[in-house]
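I have placed the structure first, in the form of structure tokens, so that the comments after it can refer back to it.
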Amino acid sequence: MSKAVPETTSAEAFERYVGGKCLRAGHGEAWRDIKAWIVALPRNVEMLQLPSVSEPFLAWTVSGEAEFQGREGKRPWVAHRIKKGTFFLTSGGAPYDCRWKAVSSEPFESMAVFIALPLLQRALKEVFGDDAAHARLRDISAFTDVALNSLMERLHEELMRRQASPLFL
């Protein structure tokens, strides 16, 4: 029996719909503005419905390689080959479906990072100044970025620590 998936959920509750086993999650005061966790995903998933969230989030492939497909609503499936270091940026909005098949022997693990809206608004203000109210994130699938990868590696290290540094986060 599959669990009912709501159309919308919170960043805190999103992990329960991803499937797989949560290996590590950020807890405590340091994680107030950023929610993050690492999940060991099943090797093969025929169909996974995911609810929307209001916060933007990054999904980062920590290990493994997979043929991944995603779609919003009943639109056509869009396929990507993902591997360690691949990102998905989701700006929030509509629920979506995904499916995948692992193609390497490595465990298929992903880290999700949700950015609290007040933190995002402060960042946009710092970057865009008076135009911050007009700035918008857009969804980007299966991309790589050396600088962002380095930042995510540091965030991964914070997740693995017994107590994360509020100054870092």
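Every read-out reported here was derived from the displayed coordinates using simple, explicitly stated rules and does not represent laboratory data. If you're wondering where the values come from, they're calculated on a predicted model, not measured in any experiment.
A few notes on this one:
- With 32 Å as the limit, the listed pairs Lys74/Lys101; Lys74/Lys125; Lys35/Lys83 have Lys74/Lys125 beyond it between alpha carbons.
- Gain upon complete extension [Leu137, His156; 0.36 nm per residue less C-alpha separation]: 4.5 nm
- Relative contact order, percent, the range 51-169 [alpha-carbon distance under 8 Å, six or more residues apart]: 30 percent
- Gain in span if fully extended, Val103 to Ser91, counting 0.36 nm per residue against the direct Cα distance: 1.5 nm
- For mean projected area of the Cα convex hull in nm², the value computed from the atomic coordinates appears in the list (1) 10.5; (2) 9.1; (3) 14.7 under label (1).
- With helices as the sole contributors, the chain gives -6500 deg cm²/dmol at 222 nm; each DSSP H run of n ≥ 4 counts as -39500 (n - 2.57), and the sum is divided by every residue.
- Gap separating the Cα centres of the range 120-135 and the range 4-78, nearest whole Å: 26 Å
- The range 109-169: C-alpha gyration tensor shape, a/c 1.5 cut-off, then a/b vs b/c: oblate
- Fully extending the segment from Arg16 to Asn149, taken as 0.36 nm per residue of separation minus the present Cα-Cα distance, adds 45.4 nm.
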